[in-house]
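These notes are about the structure you will find just below.
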Amino acid sequence: MKVTRLTTYQVPPRWLFLKIETDDGVTGWGEPVVEGRAATVAAAVEELSDYVVGKDPRHIEDLWSTMYRSGFYRGGPILMSALAGIDQALWDIKGKSFGVPVSELLGGSVRDKIRVYSWIGGDRPADTAAAARETVDRGFTAVKMNGTSELQYVDSWDKVQACIDSVGAVRDAVGPNVGIGVDFHGRVHKPMAKVLLRELEQFKLMFIEEPVLSEETDGLLDAMRHTSTPIALGERLYSRWDFKNILASGAVDIIQPDPSHSGGITETRKIAAMAEAYGVGLALHCPLGPIALATCLQLDAGCHNAFIQEQSLGIHYNTTNDLLDYVREPSVFAYDDGYVTIPTGPGLGIDVNEDYVLERAGVGHRWRNPVWRHADGSIAEW
């Protein structure tokens, strides 16, 4: 079997899909994207295709190493996301060629379903308590919310109080036993993060995510180690080398690599195994489309330390299309009582509706991250 062609499709709301074709008719799908940089990743996929076309798609480890190591410059969001989507599609092909799900090729499943959480509110938390209650009423047992709007390095107490009030309202709305994740989204710098970590302990959160930017964690290690709230991060780390030091620091309790950014299935499984050796949980990042979610679930099936999965159904970014639109059988993601079933079909376990992908690729998108500014006019972290 040989790879014959790689084709990318930029589809709404903000996703990039990849189809890899082979000479015997087996095709695989991946989702290589950096949110807000879809066209750049598509260009990187096209460049990496030189290492893949004409090769046996089942030689995944060798192809991964070739794409990663042969470019001299390596790592980072663009290259690792392009590599990730190709890797996903190669695993999809290999699973289909053997007639088994990817999880079976990775050693088999340790679970047949996994708990999921749902996003509530938007980037500027408002009416989050009502959204949380409605989400729990739909059967979810965990939710995640953004904790703050933009924060200066040192900001006023009213910003802290707004975060406390918002999180407190959600806790009051859902009761003590629903998991709440609060995402700082890298918007918070060390001086304010120390304050917020302390003030939010009262709400017994499931985790606080990205308390500071990943490149700034060194300055907050002591506070992260000593808070009683589990600390989660990793969506902006792209390889096992990126995760190595943060795991060794002992400051992180949950890692959140994104298999559409962190080198695909091949690399993310290695990252998960590293984390397990440190007693760290796995909660894969996935605010993306159905191929990305299917990829995550195949990994969740076999990773012992996976305990919850992000998913984008109804997320506020999905304004024109939603998670289930691009699959022929939406019930493949069977949500029930706060869990989603791991797909058991061959490959990634989903049947992509290619006709609809082509239709929506004709519309495309040019999604960009919002640009925020502080009151003084300086750029703020979004």
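The values are calculated or read from the model by the stated rules, or taken from the named source; none is laboratory data. Just so it is clear, the structure is predicted and the values come from calculations on it, not from any experiment. Please note: Cβ atoms are built from the backbone with ideal geometry, for glycine as well, and neighbour counts cover all protein chains shown. Remember, those area values only see protein heavy atoms, side chains included, never the ligands or the DNA or RNA. Shrake-Rupley method; radii C 1.70, N 1.55, O 1.52, S 1.80 Å.
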| Per-pair calculated FRET efficiency, R0 = 35 Å: Arg328 and His59 via Cβ, rounded to 0.05 | 0.75
| Rounded, prolate or oblate: which fits the range 230-345 when a ≥ b ≥ c are the square roots of the eigenvalues of the alpha-carbon gyration tensor, with rounded for a/c under 1.5 and prolate only if a/b beats b/c? | prolate
| note | Expressed in nanometres to one decimal, the distance between label points 7 Å along Cα→Cβ at Asp351 and Asp137 is 3.5
| request: Take the alpha-carbon centre of the range 331-377, take the same for the range 22-73, and report the distance between them in whole Å. | output: 20
| field | Residue-averaged [θ]222 nm for the chain, counting only DSSP H segments that reach four residues, each worth -39500 (n - 2.57) | value | -11000 deg cm²/dmol
| field | In Hz, Karplus ³J(HN,Hα) per residue of the range 275-282 (6.51, -1.76, 1.60; θ = phi - 60°; x = Gly, Pro) | value | 5, 4, 5, 9, x, 9, x, 10
| field | the range 1-143 pair-distance distribution - Cα-Cα, 5 Å bins, rounded % | value | 2, 9, 16, 15, 14, 13, 12, 8, 6, 3, 1
| task | State the percentage of accessible surface on the chain attributable to carbon and sulfur atoms; use a 1.4 Å probe and exclude ligands, DNA and RNA. | result | 49
| Set of aspartates and glutamates with alpha-carbon distance to Lys190 below 16 Å, sequence-local pairs under 8 removed | Glu150, Asp155, Glu199, Glu209, Glu210, Glu215, Glu216, Asp218, Asp222, Glu381
| query | Between rounded, prolate and oblate, where does the range 137-201 land on the alpha carbon gyration tensor, with a ≥ b ≥ c its root eigenvalues, rounded for a/c under 1.5, else prolate if a/b exceeds b/c? | reply | prolate
| said: Could you report the chain's accessible area per residue, 1.4 Å probe, as an integer in Å²? | reply: 39
| note | Extension length gain for Tyr278 and Thr320 (0.36 nm per residue less Cα distance), in nm, is 11.0 nm
| Percent of alpha-carbon pairs separated by more than 23 Å within the range 108-224 | 30
| Counting only Cα, what are the radius of gyration and maximum Cα-Cα distance Dmax of the chain, in Å? | 20.2, 63
| request: Take every DSSP beta bridge whose two residues both sit in the chain, then give the antiparallel share in percent to the nearest 5. | output: 50
| Simple label model, 7 Å out from Cα along Cβ direction - Phe72 to Leu358, nm | 4.1
| query | Taking a temperature of 10 °C and a viscosity of 1.306 mPa s, what whole-number D in µm²/s does Stokes-Einstein yield for the range 1-84 with Rh from Kirkwood over alpha carbon pairs? | reply | 122
| said: What is the sum of charges, Lys and Arg at +1 and Asp and Glu at -1, for the other residues whose Cβ falls under 15 Å from the Cβ of Gly347? | reply: -4
| Where a Cα-Cα gap under 30 Å defines reach, which lysines qualify for Lys55, not counting those fewer than 8 residues away within the same chain? | Lys2, Lys19, Lys94, Lys96, Lys270
| With a sphere of radius 12 Å drawn around the Cβ of Lys55, what net charge do the other residues whose Cβ falls strictly inside it have (Lys, Arg +1; Asp, Glu -1)? | -2
